[in-house]
Structures are given as C-alpha cells and as structure tokens.
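Below is one structure, written out as structure tokens, with a few remarks after it.
All of the numbers you see were taken from the coordinates with simple rules; none came from a lab. Please read these numbers as outputs of a predicted model, since none were measured by experiment.
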Amino acid sequence: MDKNKIIKAGKIAKEVKEYAKSIIKKDMLLLEIAELIETKIKELGGDIAFPVNLSINDIAAHYTPNNDDKTKAHGLLKIDIGIHVEGWIADTAFSIDLEDNEENKKLIEASSKALENATKVIKENTKLNEIGKTIQETIESFGFTPIINLSGHSLEQYDLHAGITIPNINNKQNTPIKQGLYAIEPFATSGNGKVYDGRPSGIYRLINNKNVRSPIARETLRLIEKEHDKLPFCSRWIIKKLGTKALFGLKQLEDNGNLHNYPQLMELSHKKVSQAENTILIEKEKIITTE
Ligand code: MN
Ligand code: MN
C-alpha cells in the first residue's frame, strides 16, 4: 500500500466532487458533465480510474454517456467518480435531486446516512455483516430497501474489486475486516432492492490479448493495450483517438472475447435508486480518503 498516493488520489477526488456539485444543472447534457469532470481530474494531476458513471433514476450504476449521447441530466442522478495516482484508487459517489422531489431527497438522505453509519462501524476486525447490518437498518429506517446484489469492495493497486465484498445487507458473513483500502457504497431504493443486467454500457475492460484479424480491431486493441490495459475505459475515449470506426473494432474485440462490456445495472422494479460512496483506508486508525 502506498499511503501517500492513496491520500493524494482521495484529495483530488474531494476537489472533483465539489467541482461536480458546482457545475451540474438540470438539462445539461450528460456528455458535457462527463467530459468536464474527466478533464478536471487530469487538471488536478490525477488519472481516471474508470469512466465517470452518470446513472439516472432506476439505473443504479454503469451508465456513461457515449460519444453522441443526447441524454440530459434529470431526476435522481448518481455521480460515481474514480481517480487513481499510479494505480492507487479513490472511488467515490454522491447523488443529486434535479426535480425537487421529496422522495428523491429522502432516498439521497437514506444512502448518505447509511454510508455515515457504516463508516462509524468499520475498523480493523469489524465483521463484514456488521457493516451490512448497519447499512440495511439505516436504509430501512427511512422506509426504503438496500440493493442487495450491489456492494462495497476492497481496492488494490490497479484493482477496483480486489476480492473482498462489503455487503449492503446483513448477509451472515462474519469475516473480520483486515487493514487495507475499502470502498463502502450503499444504494437505497423505493423498489424491489435488486438490480439486473440491462443494456451494454460501452464501459469495457480488457480481459485477454488474443489475436484478432481485422485491421481496425487490431488497431483498437493496440490502443487499449497501451492506455487501458488495467482499468476500465469507454467507447467515448476510444472514439476520440480513432474516430467512430473504432466502434467496429470494439464490437469485434467483444465478439472475439478480448473485452468485457459492462451491462447497465437496472433496478428490478424500475424504481429510483440513490447511492453514496467513500473510500476508506483502514490501519490502526481509519482515514476517509474521499471526504
Ligand atoms: Mn464507485
Ligand atoms: Mn465502488
């Protein structure tokens, strides 16, 4: 663990969150929001750990605008931002209400409060289900349901989901937590409390480098190997470098098994979802790096 880089990534994340809160207005193009946030990360000396997720209403996670996206910010918007400094990641998210709606506000309060309470509970040797229980009870006290098949996670260098899962419910998993880097991310919903895999998001991860025939697929693979061999990326970034022909390359690489295309995660009953997330370094003491 490189504590200095972890702290630096967290500090950039804090600034980017404040910036995001200051610029996002109803009816702004998601594409514009994503580009501004990603530019800001680089300006502040960070690298982007994954494409900015801008997920609206019943999309819980994994929506990033594509290169010609016309979607405008509205409803209950979740902003999930990933920054890294030489692979040491700060993963953080918040939600905003863009329609002055009481239920949205309450959902946002529920996930924020759940994160706050879980943060109080987590320390070395806290059992995973104690954290899950805290999140579940907090969200239920608002009359909502946590998303049971989304969870927090451990973080390692260049690894967003490093093996340990931090549940959003009391799942009887009584493993004690060790020193390390973790993201806690409660999701609250007025719906069923589960997500399913929806349409492809255009957020990809390289899973193997096996050969591919067509020139455009090869060119696309070369770019991915050079710039995105470890962490997720999106079609928008690839198109910026190679033009829209790269869409064929990405499709062929996906069909050839080189790429995983993350699905959008949809709430089962199509009700709204809020999210709050911070990254926490657990040592003898704990440091919330992103707050
Ligand atoms: Mn996140
Ligand atoms: Mn996360």
If you fit an axis through the alpha-carbon atoms of helix 128-141 and take the longest principal axis of the Cα set of the chain, what angle between them do you get, 0 to 90°, nearest 10?
80 degrees
Cα centroids of the stretch 215-291 and the stretch 69-138: how far apart, whole angstrom?
20 Å
With Rh as the Kirkwood radius over Cα pairs, the stretch 32-132 has Rg/Rh of 1.02
Which cross-chain or sequence-distant (5 or more) residues have an amide H under 5 Å from the amide H of Phe50, H modelled 1.01 Å from N in plane?
Gly82
Quick check of the Kirkwood formula: for the stretch 169-226, what is the inverse mean of 1/r over all pairs of different Cα atoms, in Å?
16.7 Å
Computed over the chain: relative contact order in percent, which uses C-alpha pairs under 8 Å that are six or more apart:
23 percent
Which ³J(HN,Hα) values in Hz, rounded to whole numbers, follow from the phi angles of the stretch 223-234 under the Karplus curve 6.51 cos²θ - 1.76 cosθ + 1.60, where θ = phi - 60° and Gly and Pro get x?
5, 5, 4, 6, 10, 9, 7, 10, 10, x, 9, 9
When only C-alpha pairs under 8 Å and at least 6 residues apart count, what is the relative contact order of the stretch 46-205, in percent?
22 percent
Ignoring everything except DSSP H segments at least 4 long, calculate the 222 nm mean residue ellipticity for the chain; use -39,500 (n - 2.57) per segment, divide by total residues, nearest 500.
-11000 deg cm²/dmol
With a cut-off of 8 Å between alpha carbons and a minimum separation of six or more residues, what is the relative contact order of the stretch 201-265 in percent?
52 percent
In whole Hz and in residue order, list the ³J(HN,Hα) couplings for the stretch 5-13 that follow from phi through the Karplus curve 6.51 cos²θ - 1.76 cosθ + 1.60, θ = phi - 60°; x for Gly and Pro.
6, 4, 5, 5, 4, x, 5, 5, 4
Would you mind getting the Kirkwood hydrodynamic radius of the chain from its Cα pairs, rounded to one decimal in Å?
19.2 Å
Report Rg(Cα)/(2.2 N^0.38 Å) for the stretch 201-265, keeping two decimals.
0.96
Please list, ordered by chain and number, the residues whose modelled amide H lies under 5 Å from the amide H of Asn67; skip anything fewer than 5 residues away on the same chain.
Arg236
